[in-house]
Amino acid sequence: MLFWGSLLKKVNVGLIGLGYQGKTYLRNLLRLENANVLGVADLSKKALNFAKNAGVENVFSDYHDLVKVDELDAVVISLPNFLHFDGVLAAAEAGKAILLDKPLARDVEEGEKILSTVRKNNVRLMMGYNLRFHPALRGIHEKIADGFFGEVQIAEATNVSAGPFASRSDHVGPVSVPSWWYDKKLAGGGALLDLGSHMIDLLSWYFGEVDRLECYLGYMFNMDLEDTATCMLKFKNGPIASVKVGWFSRDFTQTVQICGAAKNVGLRVYPLTPSKLIWSDVKRKLGQSDDGPNYLELKYFVNCVHNDEQPNPSGDDGLRCMQVVSQAYEKGVKV
């Protein structure tokens, strides 16, 4: 049993990176009752001013200075892909628990270096695959385990949007896309790595190890990076599943379908249904916030840090996902 004093103790968290996703992390961290945002780090003065206006007192232009703060317990890293290793290295050597936004790395070799660094410094690493914390998607995971679907034969996961070109809720007018998104060496991959890693991790959480796969890559925008990917995955002890992702659409669609011998379920994760949109708007007008996947993910991470427990998805989960993505690139057929 926990004593009341331990329940009140807050976990001191630092945030590295204040891009669009980083700002989403910040808003949700500030809502957590058992977390204290001790500081944030970003190169952008505008981003740091955003954090100050949100109530964060300590801001840093260099994340190395943030991780050196003795009182800091954990960090959330939301950096471009090519900075993941450097960010994890600094945090791990400072002895901080880490939540790293997906993907783990740009490739398997870099991912292995990250895990080696974490183990060497004996710190805990959690991967930021927030779909695992979506209540309905967690419900599917539980129903698969309970045998609700019977033997699952087919699964589908789709994630299509404008990717880095998408309009942002915190921005008016055309979106300026950072140049690293277009650089294969810096990004590591396109839509498959960016969006596909979410869906591959989700399906791997559902069904386990991928035994073999096929992949088709599309280049609608004639970039070095794929903007479309379709993968067929055969799970070792599970169904055949399709993963379809793309950066090519102004519309945002996330769906999951599970077909089993007993039941079939199709779930539209996004866009929200009209009734859910109305309910969300009512809660907003009442001053209530939706406890969405980002919030629930951070709440879980902070609780794990507080209780000195290993959070999941782990770095090993992130590496397994990278291995599947890497195989997909190796076997990918350009269409």
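Which of (1) modelled with pLDDT of 95 or more; (2) among the small types (Gly, Ala, Ser); (3) surrounded by fewer than 13 Cβ atoms within 10 Å (Cβ to Cβ) is the odd one out, the single condition residue 229 does not satisfy?
Evaluating residue 229 over (1) modelled with pLDDT of 95 or more; (2) among the small types (Gly, Ala, Ser); (3) surrounded by fewer than 13 Cβ atoms within 10 Å (Cβ to Cβ) leaves (3) as the failure.
For region 158-173, what are the residues that are modelled with pLDDT under 90 and either in a loop (DSSP other than H, G, I, E, B) or farther than 24 Å from residue 230 by Cα (or both)?
Let us first name the residues in region 158-173 that are modelled with pLDDT under 90, namely 165-173.
Hits for region 158-173 are 166, 167, 168, 169, 170, 171, 172, 173.
When the residues of region 34-65 are narrowed to those that are assigned to a loop (DSSP other than H, G, I, E, B) and of a type outside the set (S, T, N, Q), which ends up farthest from the chain's Cα centre (by Cα)? Can you show your working first?
Initially, region 34-65 is screened for residues assigned to a loop (DSSP other than H, G, I, E, B), giving 34, 42-44, 54-58, 61-62.
Next, from what is left, pick out any that are of a type outside the set (S, T, N, Q): 42-43, 54-57, 62.
Working: 42: 19, 43: 22, 54: 23, 55: 25, 56: 23, 57: 26, 62: 23 Å.
Among those that are assigned to a loop (DSSP other than H, G, I, E, B) and of a type outside the set (S, T, N, Q), it is 57.
Looking at 206, 216, which one is over 18 Å from residue 101 (Cα atoms) and either assigned to a helix (DSSP H, G or I) or not assigned by TED's automatic domain parsing to the domain that holds residue 156 (or both)? Before the answer, list the steps.
Details: 216 fails: either assigned to a helix (DSSP H, G or I) or not assigned by TED's automatic domain parsing to the domain that holds residue 156 (or both).
Being over 18 Å from residue 101 (Cα atoms) and either assigned to a helix (DSSP H, G or I) or not assigned by TED's automatic domain parsing to the domain that holds residue 156 (or both) holds for just one of 206, 216, which is 206.
Can you work out which of the residues in region 178-203 that are small (Gly, Ala, Ser) and under 14 Å from residue 233 (Cα atoms) is surrounded by the fewest Cβ atoms within 10 Å (Cβ to Cβ)? Write out each step before concluding.
Residues of region 178-203 small (Gly, Ala, Ser): 179, 187-191, 196-197.
With under 14 Å from residue 233 (Cα atoms) added as a condition, the list becomes 196-197.
Details: 196: 28, 197: 24.
Among those that are small (Gly, Ala, Ser) and under 14 Å from residue 233 (Cα atoms), it is 197.
Could you say whether any residue in region 103-121 is under 18 Å from residue 29 (Cβ atoms), assigned to a loop (DSSP other than H, G, I, E, B) and assigned by TED's automatic domain parsing to the domain that holds residue 29?
Within region 103-121, the first condition is being under 18 Å from residue 29 (Cβ atoms), and the residues that meet it are none.
No, region 103-121 contains no residue that is under 18 Å from residue 29 (Cβ atoms), assigned to a loop (DSSP other than H, G, I, E, B) and assigned by TED's automatic domain parsing to the domain that holds residue 29.
The values are calculated or read from the model by the stated rules, or taken from the named source; none is laboratory data. All values derive from a computational prediction rather than experimental measurement. Cβ sites come from the backbone with ideal geometry, for glycine too, and all protein chains shown count toward neighbours.
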